[in-house]
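Student: Quick one: structure below, then a few questions.
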Protein chains: 2
Amino acid sequence: MNNPQDVVDFVHNGHKRYLPHLSIDCVIFGYHDQQLKLLLIRYHDQENWSLPGGFVERHEALTAAAHRILYEKTQLTNLFLQQFYIFGDSPTRLNRIEIQNNHNKVYAKANIAIDEDHWLAERTLSIGYYALVDYQEVTITPEFLVEGYCWVDINSVPELQYDHNEIIDRALVTLRSQLYQQSIGQNLLPEKFTLPEIHSLYEAILDRQFDRRNFRKKLLALGLVTQLEERRKIGPHRSPFLYAFNHEIASKPFEEGTMTEF
Amino acid sequence: MNNPQDVVDFVHNGHKRYLPHLSIDCVIFGYHDQQLKLLLIRYHDQENWSLPGGFVERHEALTAAAHRILYEKTQLTNLFLQQFYIFGDSPTRLNRIEIQNNHNKVYAKANIAIDEDHWLAERTLSIGYYALVDYQEVTITPEFLVEGYCWVDINSVPELQYDHNEIIDRALVTLRSQLYQQSIGQNLLPEKFTLPEIHSLYEAILDRQFDRRNFRKKLLALGLVTQLEERRKIGPHRSPFLYAFNHEIASKPFEEGTMTEF
DNA sequence: TTCTAATGCGTTTACTTTACACAATAAATT
DNA sequence: AATTTATTGTGTAAAGTAAACGCATTAGAA
């Protein structure tokens, strides 16, 4: 929605194209400079930032919708993208007056008033998806109603619209818990990467330090990565070996938690 | 919906009361005789069994809706009930003809025809919740359109309607992975229970055997249960101590998986 | 050649999990 | 009253896993 006409069409006809009462909110984690960041957007005339989101088309598979929305926001495809929860309890989601108010401020930019029984003003449940992307590869397409985009550090997320802070908290917990079961790093690292590279990535995501040597043993023991023959030239120091994710093992289906005998 | 009039009202006016395109499906695990079972229902003139489900009222919190639906089906309150996924990918959910067909068979019992653009015939996403109940305490209220109920063993679930088998698979994986983080046994065991009782429960849920002595150590180490002073008389054998769940620890929020250094 | 800052790889120690043995006990049987 | 049987209570040794740590290797710069 890059121009006023698109917005007008969306507001007037969106209910025919999309499932009402349901949105997808994306928690897009970005990795850059050994830091974990988060993509936020701010709509026209809104004080608080929001998570990027979108709607599900009436005959579109849910996962496909999530990928489409992510593509529309970042221009990236084939990402690691995972559903983690559906949010439908927060009182902010049931406060019709606040929701209508916010929408009216946003859509005023396109000279549209959203009345009380407009489809956009109705109660919405939100399906949370999280993705991991390379900060630098994201191409933001300027949308008409979006005033600004920003990447914030995961440790200093401001107060967001509606229940979006809760959504982020839950996304982060899920991401961290899945880090050793799925090949989550895939979109953040080149096909071949060095041990120090994946080491820094994991430290950024989990926000703690790990012993370099034990870390290598762990990844190899889990079968998450394989050491290659090649090395990479990194300047004035010893050339590190390259590693690659093990697809067979890495993409195995969701697992029971790490329970041992029990 | 115990009589034809209720059904007629639901079909004609349900779209005003409930959110369309969205249902809640409940995977109700029952424990009895040291076996883990599952509650299924069969609607009128349907070949396959289904999961019990329902709709979310327009201004009802999602969790509240799940509890209400579970109460309507089982007459039980205050259960351990947990959302685990939202299903919106299965091709069966997008096959309008099959859905309309099935609905027409079901609602024929109330002499209602569901036409192509009826709200019930539209595409529906389903939010999966799972619950654990004591088999014996469940009171099934006979519903007009429901031909039968049954408890099936978790290891012999028949082919179900739509994607309900997939929903069960995922519920079971989630239940098992959360068994040591949340006080899941609470609804299945009396307030005070013996070690052999909770031991059998866990074996049934995880479908494997555990060493009695290590099991006790594990539960105590996790702080999930506390040993009481009292014992229970169990007939011709040594009286076992009673245990109780530790609420403070047990009801802590969702957790990162069991990651150690990493 | 030496120095520096990084990687590669191994060993020891601590902790957690698993395997296993034997004592205690409630009631029925002799 | 002693014995038997089936069950529960608790400790301890062995195995496996994770954490701490030491030292050699190496690429380029001084």
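Student: Rank A:Glu72, A:Glu230, A:Glu203 by mean-square fluctuation in a GNM of chain A with C-alpha springs under 10 angstrom and give only the top-ranked residue.
Tutor: The residue that fluctuates most here is A:Glu230.
Student: On the full set of protein chains, 1.4 Å probe, figure out the accessible area of B:Tyr71 and give it in Å² to the nearest 10.
Tutor: So the heavy atoms of B:Tyr71 present about 100 Å² to solvent.
Student: Could you tell me whether the protein assembly as shown comes out rounded, prolate or oblate from its Cα gyration tensor? Rule is a ≥ b ≥ c as square roots of the eigenvalues, rounded for a/c under 1.5, then prolate if a/b exceeds b/c, otherwise oblate. Numbers along the way, then the final one.
Tutor: On the way: a/c = 1.89, a/b = 1.05, b/c = 1.80.
Oblate is the answer for the protein assembly as shown, as a/c is 1.5 or above yet b/c matches or exceeds a/b.
Student: OK, next. Run the label-point distances for A:Arg232 please: 7 Å along Cα to Cβ, every other copy, nanometres, shortest first.
Tutor: Those label-point separations list as 5.9 nm.
Student: Let me spell out the model: positive unit charges on the Cβ of Lys and Arg, negative unit charges on the Cβ of Asp and Glu, origin at the Cα centre of the protein assembly as shown. What dipole size does that give, in debye rounded to 20?
Tutor: About 1700 debye.
Student: Continuing with the same structure: Put a label point 7 Å from Cα along the Cβ direction on B:Glu47, then list its distances to the equivalent points in the other copies in nm, shortest first.
Tutor: Listed shortest first, these distances are 6.0 nm.
Student: Same structure again: As a test of the formula, what do you get for chain B when each DSSP H run with n ≥ 4 contributes -39,500 (n - 2.57) and the sum is divided by the residue count, at 222 nm and rounded to the nearest 500 deg cm²/dmol?
Tutor: Counting only the DSSP helices, I get -9500 deg cm²/dmol.
Student: Just going by the charge dipole of the protein assembly as shown, with Lys and Arg at +1 and Asp and Glu at -1 on Cβ, which of A:Gly30, B:Asn165, A:Pro196 is farthest out on the positive end?
Tutor: Result: A:Pro196.
Student: Over region B:36-80, what relative contact order in percent results from Cα pairs under 8 Å that are six or more residues apart?
Tutor: 22 percent
Student: Explain nothing, just the number: dipole magnitude of region B:4-178 about its Cα centre with +1 on each Lys and Arg Cβ and -1 on each Asp and Glu Cβ, in debye rounded to the nearest 20.
Tutor: 320 debye
Student: By how many degrees, between 0 and 90 and to the nearest 10, does the Cα long axis of helix B:4-17 differ from the longest principal axis of chain B?
Tutor: 90 degrees
Student: Rounded to the nearest 10 degrees, what's the angle between the helix A:164-178 long axis and the longest principal axis of chain A, both from Cα atoms, 0 to 90?
Tutor: 20 degrees
Student: Taking only protein heavy atoms into account and a 1.4 Å probe, give the accessible area per residue of region A:152-199 in Å².
Tutor: Heavy-atom accessible area per residue stands at 38 Å².
Student: Taking R0 as 25 Å, what's the FRET efficiency between A:Lys109 and B:His15 from their Cβ-Cβ distance, rounded to 0.05?
Tutor: Between A:Lys109 and B:His15 the formula returns 0.15.
Student: Follow-up question, since we're still on this one. Expressed as an acute angle from 0 to 90° and rounded to the nearest 10, what is the orientation of the C-alpha long axis of helix B:96-107 relative to the principal long axis of chain B?
Tutor: On a 0 to 90 degree scale, this one is about 90.
Student: While we're here: Quick check on region A:1-100: take the gyration tensor over C-alpha atoms, sort the square-rooted eigenvalues as a ≥ b ≥ c, and tell me if it's rounded (a/c under 1.5), prolate or oblate.
Tutor: Cα axes put region A:1-100 in the rounded bin.
Student: OK, next. Extension gain A:Asp134-A:Asp153, at 0.36 nm per residue separation less the Cα-Cα distance, in nm?
Tutor: 5.4 nm
Student: What does the accessible area of A:Lys105 come to, in Å² to the nearest 10, when a probe of 1.4 Å is used?
Tutor: Ignoring ligands and nucleic acids, A:Lys105 comes out at about 90 Å².
Student: Picking from B:Arg17, B:Arg232, B:Arg170, which is most flexible by a Gaussian network model of chain B using Cα springs under 10 Å?
Tutor: Among B:Arg17, B:Arg232, B:Arg170, the largest mean-square fluctuation in the Gaussian network model of chain B belongs to B:Arg232.
Student: Round to the nearest 0.05 the FRET efficiency obtained for A:Lys233 and A:Glu191 when R0 = 25 Å and r is the Cβ-Cβ distance.
Tutor: The computed FRET efficiency comes out at 0.90.
Student: Let me ask something else. Go through region A:147-181 and flag every residue whose accessible area shrinks by 30 Å² or more with all protein chains in place compared to the isolated chain (probe 1.4 Å).
Tutor: Residues of region A:147-181 that lose at least 30 Å² of accessible area once the other chains are added: A:Arg170, A:Val173, A:Arg176, A:Ser177, A:Tyr180.
Student: Let me ask something else about it. Can you give me the solvent accessible area of A:Phe55 with a 1.4 Å probe, rounded to the nearest 10 Å²?
Tutor: Here the accessible area works out near 40 Å².
Student: Which of A:Tyr129, A:Tyr180, A:Tyr31 moves the most in a Gaussian network model of chain A with Cα springs under 10 Å?
Tutor: The residue with the greatest mean-square fluctuation here is A:Tyr180.
Student: How far is A:Pro158 from the same spot in each other copy, in nm, shortest first, if each label point sits 7 Å from Cα toward Cβ?
Tutor: Ordered by increasing distance: 5.8 nm.
Student: Another question, if that's okay. What is the magnitude of the charge dipole of region A:184-250 about its Cα centre, with +1 placed on the Cβ of each Lys and Arg, -1 on the Cβ of each Asp and Glu, and no other charges, expressed in debye to the nearest 20?
Tutor: Rounded to the nearest 20 debye, it is 340 debye.
Student: How high is the relative contact order of region A:1-159? Use alpha-carbon pairs under 8 Å, at least six apart in sequence, and give a whole percent.
Tutor: 39 percent
Student: So which of A:Lys16/A:Lys37; A:Lys16/B:Lys109; B:Lys73/B:Lys233; A:Lys192/A:Lys217 end up more than 29 Å apart, counting from Cα to Cα?
Tutor: Distance filter (> 29 Å) returns A:Lys16/A:Lys37; A:Lys16/B:Lys109; B:Lys73/B:Lys233.
Student: Counting residues in region B:4-178 as N, plug N into 2.2 N^0.38 Å and put the Cα Rg over that result.
Tutor: Compared with the compact-globule rule of thumb, region B:4-178 sits at 0.99.
Student: Among DSSP bridges having both ends in chain B, what percentage is antiparallel? Round to the nearest 5.
Tutor: Bridges in chain B that DSSP calls antiparallel: roughly 70 percent.
Student: Related question: Expected output is a single nm value to one decimal: the length gained when fully extending between A:Asp117 and A:Arg96, i.e. 0.36 nm times separation in residues minus the C-alpha distance. What is it?
Tutor: Fully extending the segment from A:Asp117 to A:Arg96 adds 6.6 nm.
The values are calculated or read from the model by the stated rules, or taken from the named source; none is laboratory data. Keep in mind the model is a prediction, meaning the values are calculated, not measured. Using ideal geometry, Cβ is built from the backbone for each residue, glycine included, and neighbour counts are taken over all protein chains shown. Surface accessibility is based on the protein's heavy atoms, side chains included, excluding ligands, DNA and RNA. Shrake-Rupley method; radii C 1.70, N 1.55, O 1.52, S 1.80 Å.
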